Amino acid sequence: MILEKITSPDKIKALGISELRALAGEVRKRIIEVTAKNGGHIAPSLGATDLAIALLHVFDPCQDRIVWDVGHQSYAYKILTGRNEQFDTLREFGGISGFNRMSESRYDAFGVGHSSTSISAALGITMAKDCLQESGLAIAVIGDGALTGGMAFEALNHAGHLNKNLIVILNDNNMSISPNVGALQKYFADFLVSRSYNKLKGKIWDILQNLPTPDHYKRRILHFAQKFEGNIVSTFAPNIIFEDMGFKYAGPIDGHNIAQLTRTFRRARDNMEGPVLLHVVTRKGKGYEPAEDNAAKFHGLGPFKVETGECINKSEITYSRVFGHKLMELANANKKIIAITAAMTDGTGLAEFAQKFPERFFDVGIAEQHAVTFAAGFATRGIKPVVAIYSTFMQRAYDQLIHDVALQKLAVVFCLDRAGLVGEDGATHHGSFDLSYLSLIPDLVIMAPSSSDELEKMLTFACNYQEGPVVIRYPRGVAPLCPARNSDIILGKSLLAMEGEKIAIMGVGNYYFEAEKLAELIKAKYSLNPAVIDVRFVKPLDLEMLHNLETNFDTVITLEDNALANGFGMAIKSFYCNSSIKVFSYGIPDEFITHGRIEILKSRLGLEAAQILKNLEDQDIF
C-alpha cells in the first residue's frame, strides 16, 4: 500500500500521477473506515481528497501555509501530514481533532471550526511573510458553503486591494455558492442588466413565445430556456465577480483530475503576480456511493454501517426534533410565525417546517449576522421571527443581537441549539459561553428547558411574548421525556420541583437532572432533604424565590452547563454577596474544553452528581 509509506508530506512529491490516483483511493477508504466507527464529516473530506493530494504534491506545507476553511474538508490532509497512525482516534477524547489545530500539527497553519475565515487568515499570513521577508505562499481553501459568509467577501475585497501574491482555491461542490444570496447577487448585476445581454435575451424570448406549438410544448420549451439561461450565468459570472475584485481567475477545474490540479497549481505558484482564485469543482462524498447520493446526511453524522451507510445509533427524540415539531404546531395556529436559520436546516430540526411552510422559512446561508438583523426587520412589522442557530455560531452575531434587536426591544425568538458541551466537535463548537455573554444584555429574556415538555411550553411562551427578545437555549442530544408538569411558564419564575430544607439545589436546563441525583445522594448519605429547583429563567432571576431561600435555607448549590465565569452561578453569588447564605457553583471552568464524548468530558470536569457530592464534602458543608 502506498499510504503506509507516506510518513510525511515530502513523500508525496516523489509519486507519479498514477500513484497519486491510487493513493487517493486508499485515503478515501481510510476516511470511510474511521468515520464509520467514530462519526465525523465524511462527505466534505471525501470530496476534497484529490485536492489535498495535489496541494501536497506541489506545495511545501511548512513553507507554503495552507489554510482550510472549516476543518470538514481536511481529513485527507490530516492523514497525509503525519497523522495517519493517529487517525483511528479521530474526534475521540485524547485523540486528534475533527478540525485543524495549530497545537496538533506544525502542518496546520491556522485553527478552524467556524467558517468563512480562511481568506482573512491566509491574507494575514501573506502580509506577515512580506514583513518578515520570508519565502513561500499562503493558500486558502474555501468551500462547503463558506462563501455565503460575508467575512469571506471582506477578505476578498481587501486582498484585491493589497494585490499581494495569494492563492485562493474555491472548492465548489454544488453546495457552496447560491447565486441569489447576498453579495453574489450584487456582483451579477453588471452582467445581468447589460444592454447586449438583455437585448439578445429579449429576442430569444419573443421567438419562443410566438412559436406555433401547443401550449404544453411551449411551456416545456420555456422551462428549458430558463435552465439554459441559468447555465450561461453560472459559467460567466464567477469570472466577472472575482476579476472585478482584483483576482486573476482560473476555472472551472475538475477537482478529481489530479493531473490537471497539479498542472494548475504549478502554474499559479510559478507565475504569481497578485492574488489568484482557482475555481475547483468537486463532488461531495466522492468515492462512497451513499455519501454521493445524500451529501447533506453525510456532511456530518455519527457511526454508520460502511456497507449501506445506515446510521448505527438509535433514532431518539432530540431537543432539535421537539423544537421543529412544536414550531410547526404553533405556526399552524399563527400565520405570523416564520423560521430563520443560517445553513443549519437539518441540524436545527427545521427540515419539515421548510417543506410545510416554504414561504415562511428562510435559510440565509452561513451568515449569522444577517440572520439576526433580517429577523429584526421582520419584527418591526409585527411578524414573529424564530431564529434557530447553534449556540457557538450565535457568538458571531453578538453586535446585531445587542444593537439591532435588544436595544429596540424587538420581539424576536432565538432558539440556541447545541448549548453546553457538544462532545466530539470539541472546543470550537461547545456552546459553553451563551449564558455568560447573553446575560449582559438588557431586556433579554433567557430560558433553559429541562425536558421536551418544558421546551414546548417555553417555545409557546416565547412566541406569545411581545415585550422584547427571548432566548431559549438547549443541549445537543436526547430530550428527556418527563411527566408533564401542571405549572405554566411565567416570566421570571422558577419551579420548586422538590421541597426540602437547609440545602437548595438549583439546576439550569439539562443539569436539573444532575440536581435531582445530587439531592438523592445527599438524602441517602446524610438524611438531609434538599430542595430542588428547576431554574427555567436565567434572566430575569426569580427574585421572590431567591429571597425565600435566603430566609429559609443555609446553602444554595447551582449546577449549569455553561462557563462559571459570568454564568448563572456567578449571578446567584452576586445576589447573595451580602448574605450569610453559602453558595457553591458548578459548571465549566475558565478554559477551552477539548473534544470527546460528553459523558467523558462531564466526568473529567467533575460535573457528575457523585463528584459534586465529594467536592462538597471536602468543603465540610454537611
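Neighbouring Cβ atoms within 10 Å as the yardstick, rank L549, L56, L564 fewest first.
Neighbour counts put them in this order, fewest first: L564, L549, L56.
Around the Cα centre of the chain, unit charges on the Cβ atoms of Lys, Arg, Asp and Glu (plus for the first two, minus for the last two) sum to a dipole of about 1800 debye. For the range 64-162, a crude dipole built from +1 on the beta carbon of Lys and Arg and -1 on the beta carbon of Asp and Glu, taken about the Cα centre, is about 60 debye to the nearest 20. Close amide H partners of V538, meaning residues 5 or more places away or on another chain with modelled amide H under 5 Å apart, are I446, M447, A448.
Checking understanding here: applying a Kyte-Doolittle mean of at least -1.0 and a length along the axis of at least 24 Å (C-alpha), which whole DSSP H helices in the chain pass?
Working: long enough: 17-38 (31 Å, -0.10); 215-244 (42 Å, -0.39).
Correct list, ordered by number: 17-38, 215-244.
Three semi-axes describe the equivalent ellipsoid of the range 319-475; taken as square roots of 5 times the Cα gyration tensor eigenvalues and ordered largest first, they are 20, 18, 15 Å.
Mind pulling the per residue volume of the convex hull built on the Cα atoms of the range 457-567? Å³ is fine.
On the way: hull volume 14.6 nm³, N = 111.
Taking the convex hull of the Cα positions in the range 457-567, it is 132 Å³ per residue.
Amide H contacts under 5 Å for A497: V532, I533, D534, restricted to partners 5 or more places along the chain or on a different chain, H placed in the peptide plane at 1.01 Å from N.
What you get for the range 319-475, charging only the Cβ of Lys and Arg (+1) and of Asp and Glu (-1), is a dipole of about 460 debye around the Cα centre. The order of D534, D404, D488, D620, going from fewest to most other C-beta atoms within 10 Å of their C-beta, is D620, D488, D404, D534.
For the listed residue pairs K409/K539; K326/K356; K13/K37; K297/K326, the alpha carbons are over 25 angstrom apart in K13/K37.
Spacing of the modelled spin labels on D618 and T380, each 7 Å from Cα toward Cβ, amounts to 5.4 nm. Entry for the range 548-622 at q = 0.19, 0.20 Å⁻¹: log10 I(q)/I(0) = -0.85, -0.92, Debye formula applied to identical alpha-carbon scatterers, no solvent contribution. Each Cα pair of the chain feeds into the Kirkwood radius, which the Stokes-Einstein equation turns, at 4 °C and 1.567 mPa s, into a diffusion coefficient of 49 µm²/s.
When H325, H256, H403 are ordered from fewest to most other Cβ atoms inside 10 Å of their Cβ, what list results? Spell out each step's value before the answer.
Working: H325 16, H256 19, H403 13.
Ascending number of Cβ neighbours within 10 Å: H403, H325, H256.
Comparing the range 440-494 with the 2.2 N^0.38 Å rule of thumb, its C-alpha radius of gyration ratio is 1.16 (two decimals).
Here the sum of -39500 (n - 2.57) over DSSP H runs of 4 or more residues, divided by the residues of the chain, equals -12000 deg cm²/dmol at 222 nm, to the nearest 500. Cβ-Cβ distance of M1 and S574, R₀ of 45 Å, FRET efficiency by 1/(1 + (r/R0)^6): the value works out to about 0.15.
For N529 and A565, what is the calculated FRET efficiency with R₀ set at 25 Å and r taken between the beta-carbons, to the nearest 0.05? Don't skip to the answer; put the middle values down first.
On the way: r = 32 Å, r/R0 = 1.28.
After rounding to 0.05, the efficiency reads 0.20.
Above 23 Å lies some portion of the pair distances; for the range 245-399, what is it as a whole percent of all C-alpha pairs? In whole percent, the long-distance tail amounts to 58.
Between the listed residues G47, M127, G477, the Cα displaced farthest toward the positive end of the dipole of the chain, a dipole computed from Cβ unit charges relative to the Cα centre, is found at G47. Cα gyration tensor of the range 378-463, axes a ≥ b ≥ c as square roots of the eigenvalues: rounded (a/c below 1.5), prolate (a/b > b/c) or oblate? Because a/c hits 1.5 or more and a/b fails to exceed b/c, the range 378-463 counts as oblate.
Here the translational diffusion coefficient of the range 495-618 follows from Stokes-Einstein with Rh set to the Kirkwood radius across Cα pairs; for 20 °C and 1.002 mPa s it amounts to 146 µm²/s. Annotation: the range 98-173 has a Kirkwood hydrodynamic radius of 13.0 angstrom, from the mean reciprocal C-alpha pair distance. Compute the orientation-averaged projected area for the range 267-332 from the convex hull of its Cα atoms and round it to one decimal in nm². Mean shadow area of the hull around the Cα atoms is 9.1 nm².
Each value in this text was obtained by applying a stated rule to the coordinates, not by laboratory testing. None of these values were measured; they are calculated from a predicted model. A quick note on method: Cβ atoms are made from the backbone with ideal geometry, for glycine too, and the neighbour counts reach across all protein chains shown.
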